[in-house]
Amino acid sequence: MATSVRATSGESPPLAAQPPGPSAGSREHRPSGRSGVRSTLHRLDLKAVPYVFVAPFFLTFVAFGLFPLIYTGWLSLHRVELGGSAQWKGLENYSSLAGSEFFWNALANTFTIGVLSTVPQLLMALGLAHLLNHRIRGRGFFRVAVLAPYATSIAAATLVFAQLFNTDYGLINTALGLFGFDPVAWESSKWAAQIAISVIVTWRWTGYNALIYLAAMQSVPQELYEAAALDGASRRRQFLSVTIPSIRPTILFTVIVSTIGATQLFGEPMLFGGSVGISGGSGNQFQTLSLLMYEKGWVTGALGQASAIAWVMLLLLLLVGGGHALISRSKNKRRKAGN
């Protein structure tokens, strides 16, 4: 009845709720749109900016690391000469290396020079680090002084040592003559030349490794030395029983790095040999793998064989790295088993 009365009396029914006008809608939805854009930009900032920061490294690595590695592997499977086209040879370059006496000679020279330079170098570095770890007068000066050979360029150091080891007028032969020894043919004799090159490498890298050992020694807890002193251990016994076991991972690290450096030895033997430095002397008595690779690639023009030598060096370094990983894993297993 009420509805009919309103209808008959001419009263209009109540208006239904109308949607807001365009001005109100624009005022309500605009803040939400801005907040959505801001949240999207924030998410992109969190996700994309780290990749932007690391992109230069990866681009540089791809351009100067990964691409040359892959391209060198491709060249090692081809016969390539300077200015010529590539011909597929498969593993022929590797098989020719296996039957080449020059390759095995270079591999043996690389091994012997590496041993002659790495072992004395690390032993002397341990001794220097042990001395610098104690409170001695002028300790800061000596710490800087031991790093001076590392800051010296390879060319300058090698040329100076080449004069010292000169057969005719070198200071080394002069000093040997004062003690009644005959002059040594440092350039033409195989073992003498390798010892001379090893001396150059040892002189240049001993201080660098000594500072690495010194940093590791300073991180050894002092309580271990105090406990060893209370047990009556001497300085020598503390060094052998406390210091060496505590810095063993650092020693293993320097052994790996020095082995890698010895495998890639190039500048010292080339500059020491002078005009015949690329071939490792007149009789290839100190030619390393790096020198052989350079000679094959840029002297004889056999880029395929040079690439094969480069990949053999890479495989040797991978074997060294794999050995290091196995040793570290076995030590970790022993440590966990002991705990």
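You can think of it this way: the chain between residue 154 and residue 63 has 30.1 nm of extra reach, that is 0.36 nm per residue less the Cα-Cα gap. The gain in end-to-end length when the residue 167 to residue 252 segment is fully stretched comes to 26.9 nm, 0.36 nm per residue minus the alpha carbon separation.
The range 250-339 has equivalent-ellipsoid semi-axes of 36, 15, 7 Å, by the square roots of 5 times the alpha carbon gyration tensor eigenvalues, sorted largest first. Translational diffusion of the range 197-262 was estimated from the Stokes-Einstein equation, with Rh taken as the Kirkwood radius over Cα pairs; at 4 °C and 1.567 mPa s the coefficient is 98 µm²/s.
When you count the other C-beta atoms within 10 angstrom of each residue and take the mean per peptide, 81-93, 262-274 line up highest first as 262-274, 81-93. Checking every one of the chymotrypsin sites (Phe, Trp or Tyr not before Pro) in the range 180-211 against DSSP loop status and a limit of 14 other Cβ atoms within 10 Å picks out 181.
For the pair residue 86 and residue 333, the difference between a 0.36 nm per residue extended length and the Cα-Cα distance amounts to 84.0 nm. With N counted as the residues of the range 31-108, its alpha-carbon radius of gyration over 2.2 N^0.38 Å works out to 2.15.
Net charge dipole, the chain: roughly 1580 debye, given to the nearest 20, about the Cα centre with Cβ charges of +1 for Lys and Arg and -1 for Asp and Glu. Across the protein chains, with a 1.4 Å probe defining accessible surface, the residues 213, 51 rank 51, 213 from largest area downward. Converting phi to 3J(HN,Hα) with the Karplus coefficients 6.51, -1.76 and 1.60 and the offset θ = phi - 60°, the range 280-288 yields x, x, 5, x, 6, 6, 9, 6, 9 Hz in sequence order, with x at every glycine or proline.
For residue 139 and residue 175, what is the calculated FRET efficiency with R₀ set at 25 Å and r taken between the beta-carbons, to the nearest 0.05? Computed FRET efficiency for residue 139 and residue 175: 0.20. Modelled label positions at residue 108 and residue 324, each set 7 Å beyond Cα in the direction of Cβ, lie 2.8 nm from each other. The fraction of Cα-Cα pairs per 5 angstrom bin, counted from 0 for the range 56-211, comes to 2, 8, 10, 11, 12, 13, 14, 12, 8, 5, 4, 2, 0, 0 percent, rounded to whole percents. Using the Stokes-Einstein relation with a Kirkwood hydrodynamic radius computed over Cα pairs, the translational diffusion coefficient of the range 272-318 at 37 °C and a viscosity of 0.692 mPa s comes to 302 µm²/s.
In the range 23-177, taking the dipole from charged Cβ atoms about the Cα centre, the farthest positive-side position among 46, 126, 176 is held by 46. Shown here is the pair-distance distribution of the chain: with all Cα-Cα distances grouped in 20 Å bins from zero up to the longest one, the shares run 20, 39, 22, 8, 5, 5, 1, 0 percent.
Here the sum of -39500 (n - 2.57) over DSSP H runs of 4 or more residues, divided by the residues of the chain, equals -22500 deg cm²/dmol at 222 nm, to the nearest 500.
A cut-off of 5 Å between modelled amide H atoms, ignoring neighbours fewer than 5 places along the same chain, links residue 79 with 87, 88, 89. Within the range 101-153, the proportion of Cα pairs with more than 12 Å between them is 73 percent.
The values are calculated or read from the model by the stated rules, or taken from the named source; none is laboratory data. Given the structure is predicted, the values throughout are model-derived calculations rather than measurements. No Cβ is skipped: glycine too gets one built from the backbone with ideal geometry, and neighbour counts run over all protein chains shown. Surface accessibility is based on the protein's heavy atoms, side chains included, excluding ligands, DNA and RNA. Shrake-Rupley method; radii C 1.70, N 1.55, O 1.52, S 1.80 Å.
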